[in-house]
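These notes are about the structure you will find just below.
Here, each number is a calculation from the coordinates, and none is a lab measurement. Since this is a predicted model, take the numbers as computed values, not measurements. Methodologically, a virtual Cβ is constructed for each residue, glycine included, from the backbone with ideal geometry; neighbour enumeration extends over all protein chains shown.
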Amino acid sequence: MKLVAIKETNLSDCVKDAQRERVVITRNGKPVALMVGVEGIDKEQLDLGSDPAFWKLITERRAQLDQEIA
């Protein structure tokens, strides 16, 4: 994880760095934003990854599988 002060940020560099590691942007030494690279991920994956209903479904299915295995 890389820390970058907001006064020293260069958006292009942050985007480039975010493809390899998370970039935390700080203001006065405190985190204010997190940049995560998504190159190579399609829009559907991004939408599902941030959809609470999708994660609820995944959690429920995993619980079902755990019960079936036990």
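Each DSSP beta bridge with both residues in the chain is either parallel or antiparallel, and the antiparallel ones are about 55%. Inter-label distance, VAL24 to LEU46: 2.4 nm, where each label sits 7 Å from its Cα along the C-beta direction. Spin-label pair VAL32-ALA70: with each label point 7 Å from Cα along the Cα-Cβ axis, the two points sit 4.7 nm from one another. Just checking my list (1) 1.58; (2) 1.45; (3) 1.16 against Cα Rg over 2.2 N^0.38 Å computed from this structure; which label fits? The value matching this structure is (1).
Which one of ILE58, ASN28, GLY40 is farthest out on the positive end of the charge dipole of the chain, using unit charges on Cβ (Lys, Arg +1; Asp, Glu -1) and the Cα centre as origin? Result: ASN28, furthest along the dipole toward the positive end.
For a paramagnetic label modelled on ASP17 (point 7 Å from Cα along Cα→Cβ), amide N atoms under 15 Å away belong, within the stretch 31-70, to 31-37. Total lysine pairs in the chain at Cα distances under 25 Å, for residues eight or more apart or on different chains: 7.
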